[in-house]
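K.L.:
Here's a structure for you.
The values are calculated or read from the model by the stated rules, or taken from the named source; none is laboratory data. None of these values were measured; they are calculated from a predicted model. Note: ideal-geometry Cβ built from the backbone for every residue, glycine included; neighbour counts use all protein chains shown.
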Amino acid sequence: MNKKSRGLKGESIAVSLVEKEGYKVLERNFHSRFGEIDIVAIDGDTLVFIEVKTRWSRQFGTPEEAVTPHKIRLIIKAGQYFRIVHKNLPEAERIDVVAIEIDQEGKTIRKDLIKNVSQ
């Protein structure tokens, strides 16, 4: 499985997880010149920008450790642009991370929703 297929598998797992948690997914893979937002959703009265990190080993750390302050700044900028091109969105917003670990056979061994990582 190549890197893109692995990423798509992780994003599909993440979408299922956040929908199970009650989020309404608005868009996947929103691209702007500032960067990409993996999932844009609404949770209650809050707009949520979700970064999905999938790891097939812990050789380079846990998935959530890969969400750096620099990455969070890029998500914030892309989120500001998302608001410009989409109207009637909730005022409150946050950034969540979905951390997914998959074993070498392709089985999901962990999927965690980590809320409000920008605080």
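K.L.:
Exactly one condition in (1) outside any helix (DSSP H, G or I); (2) touching a Lys or Arg at 6+ places or on another chain (Cβ under 9 Å); (3) in contact (Cβ under 8 Å) with a residue 60 or more places away in the chain is false for LEU89; which is it?
P.N.:
(3)
K.L.:
Determine if region 76-91 includes at least one residue that is in contact with a strand residue (DSSP E or B) (Cβ under 6 Å, 6 or more places away or on another chain) and among the basic types (Lys, Arg).
P.N.:
Looking through region 76-91, none of the residues is in contact with a strand residue (DSSP E or B) (Cβ under 6 Å, 6 or more places away or on another chain) and among the basic types (Lys, Arg).
Residue by residue, here is whether (1) under 14 Å from ALA14 (Cβ atoms); (2) polar (S, T, N, Q); (3) crowded, with 17+ Cβ neighbours inside 10 Å holds:
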| position | (1), (2), (3) |
| --- | --- |
| ILE50 | yes, no, yes |
| ARG55 | yes, no, yes |
| GLU65 | no, no, no |
| ALA78 | no, no, yes |
| ARG83 | no, no, no |
| ILE95 | yes, no, yes |
| VAL98 | yes, no, yes |
| GLU105 | no, no, no |
| LYS115 | yes, no, no |
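K.L.:
Being of a type in the set (Val, Ile, Thr) and at pLDDT 95 or above is the filter here, so list the residues in region 38-66 that pass it.
P.N.:
Those that are of a type in the set (Val, Ile, Thr) and at pLDDT 95 or above: ILE39, VAL40, ILE42, THR46, VAL48, ILE50, VAL52.
K.L.:
With the requirement that a residue be more than 15 Å from the chain's Cα centre (by Cα) and modelled with pLDDT of 95 or more, what does region 1-19 give you?
P.N.:
none
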